[in-house]
Amino acid sequence: MIKCIAVDDEPLALSQLAGYISRVPFLELVASCQDAFEAMKVLSEKEVDLIFLDINMPDLSGLDLVRSLIVKPLVVFTTAYPQYAIDGFKLDAVDYLLKPLDFHDLLKAADKARKYMELRQVSESDSTQLSNDGSLFVKADYKVVRINISEIKYIEGMSEYVRIFVEGEDKPVMTLLSMKKIEERLPASQFMRVHRSYIVNLQKITEISRLRIIFGNNVYIPVGDNYKDRFLEYINKMSVGK
């Protein structure tokens with residue numbers, strides 16, 4: 001199932017959009033939002049694969065919402081103004097639907113998103129390989145890079161890519177992979193996801209302050225609300241003294 005949200009400031013348009021989504025068998029509507037700020041809150045709390053997003057909204061437009069996101073789901077823009085199509089596709093939108101919406105057009109857009117996700121999953125399954133000696137082979141920059149798992153400090157999710165920060169390296173290794181996939185490939189006893197956008201090597205943590213994990217060079221990694229309890233349980237278990 002593709003988890004999606006619908007965002008539109010017009011109640012009738014939002015209701016119609018939600019109704020169309022409910023008719024598509026491979027879509028699961030996670031939330032309906034009446035403005036971009038409500039959508040941002042949902043995106044920070046839940047895993048979302050796809051957004052059906054109105055462009056013209058007060059305070060924060062759909063275009064600005066997408067530009068503000070670090071981890072970007074797939075996007076299908078909806079609007080009554082065709083002149084925004086170019087701006088939408090510059091942000092790598094899957095499709096662009098003109099109002100009044102038609103169910104068959106939405107179904108085609110949803111099918112595009114489904115096919116895109118299937119292709120991405122095939123690419124991801126072949127992007128990394130864990131060897132028996134504790135190293136990870138990663139496809140990056142048209143080559144395969146070997147990374148010792150013990151040297152990974154943390155991993156950051158960036159839209160469809162992840163950046164792997166390794167000790168002693170000035171630049172991270174970037175590869176086409178989702179946070180979920182790389183999390184599955186790492187040993188759970190050593191790595192923990194602490195935020196939608198971050199996985200940390202527990203053995204590399206040297207300092208924690210106000211629910212932020214501090215690495216060198218002024219790198220502060222936040223601990224997300226959904227991951228806080230598990231992380232604090234680990235820290236309390238490993239702590240001594242008062």
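Residues being aliphatic (A, V, I, L, M) and under 22 Å from the mean Cα position of the chain (by Cα): count how many of those fall in the range 215-239. So that I can check it myself, show each step before the final result.
In the first step, residues of the range 215-239 are kept if they are aliphatic (A, V, I, L, M); the result is 219, 221, 223, 232, 235, 238.
Those still in the list that are under 22 Å from the mean Cα position of the chain (by Cα) too: 219, 221, 223.
Selection size over the range 215-239: 3.
Among the residues of the range 192-206, is there at least one that is without any contact (Cβ under 8 Å) to a residue 12 or more places away in the chain and assigned by TED's automatic domain parsing to the domain that holds D141?
Let us first name the residues in the range 192-206 that are without any contact (Cβ under 8 Å) to a residue 12 or more places away in the chain, namely 205-206.
Still in the list and also assigned by TED's automatic domain parsing to the domain that holds D141: 205-206.
Yes: the range 192-206 contains one or more residues that are without any contact (Cβ under 8 Å) to a residue 12 or more places away in the chain and assigned by TED's automatic domain parsing to the domain that holds D141.
Quick grid of which residues meet (1) in contact (Cβ under 8 Å) with a residue 60 or more places away in the chain; (2) within 20 Å of H195 (Cβ to Cβ):
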| position | (1), (2) |
| --- | --- |
| I21 | yes, no |
| E45 | yes, yes |
| D49 | yes, yes |
| D64 | no, no |
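Within 23 Å of I147 (Cα to Cα) and not hydroxyl-bearing (S, T, Y): does that describe E183? Walk me through it before giving the result.
Details: within 23 Å of I147 (Cα to Cα): yes; not hydroxyl-bearing (S, T, Y): yes.
For E183, the condition - within 23 Å of I147 (Cα to Cα) and not hydroxyl-bearing (S, T, Y) - is met.
Please go through the range 141-156 and pick out each residue that is part of a strand (DSSP E or B) and either of a type in the set (A, V, I, L, M) or free of Cβ contacts under 8 Å to residues at least 40 places away in the same chain (or both). Show your work before the answer.
Here is the first cut: in the range 141-156, the residues part of a strand (DSSP E or B) are 143-148, 152-156.
Scanning the range 141-156 gives K143, V144, V145, R146, I147, N148, I152, I155.
Provide a single number: the residues in the range 23-43 that are touching a residue at least 40 places away in the same chain (Cβ under 8 Å) and of a type in the set (F, W, Y).
Looking only at that region, the number is 1.
L119: of a type in the set (A, V, I, L, M), more than 18 Å from S15 (Cα to Cα) and in contact with a Cys (Cβ under 9 Å, 6 or more places away or on another chain), yes or no? Steps first, please.
On the way: of a type in the set (A, V, I, L, M): yes; more than 18 Å from S15 (Cα to Cα): yes; in contact with a Cys (Cβ under 9 Å, 6 or more places away or on another chain): no.
It is false that L119 is of a type in the set (A, V, I, L, M), more than 18 Å from S15 (Cα to Cα) and in contact with a Cys (Cβ under 9 Å, 6 or more places away or on another chain).
Select from the range 157-168 the residues that are within 15 Å of the chain's Cα centre (by Cα) and in a loop (DSSP other than H, G, I, E, B) and list them in ascending order. Step through it out loud before you land on a result.
Of the residues in the range 157-168, the ones within 15 Å of the chain's Cα centre (by Cα) are 157-163.
Answer for the range 157-168, where residues must be within 15 Å of the chain's Cα centre (by Cα) and in a loop (DSSP other than H, G, I, E, B): S159, E160.
The values are calculated or read from the model by the stated rules, or taken from the named source; none is laboratory data. A quick note: this is a predicted structure, and the numbers were derived from the prediction, not measured. Neighbour counts are summed over all protein chains in view; Cβ atoms, including those assigned to glycine, are modelled from backbone coordinates with ideal geometry.
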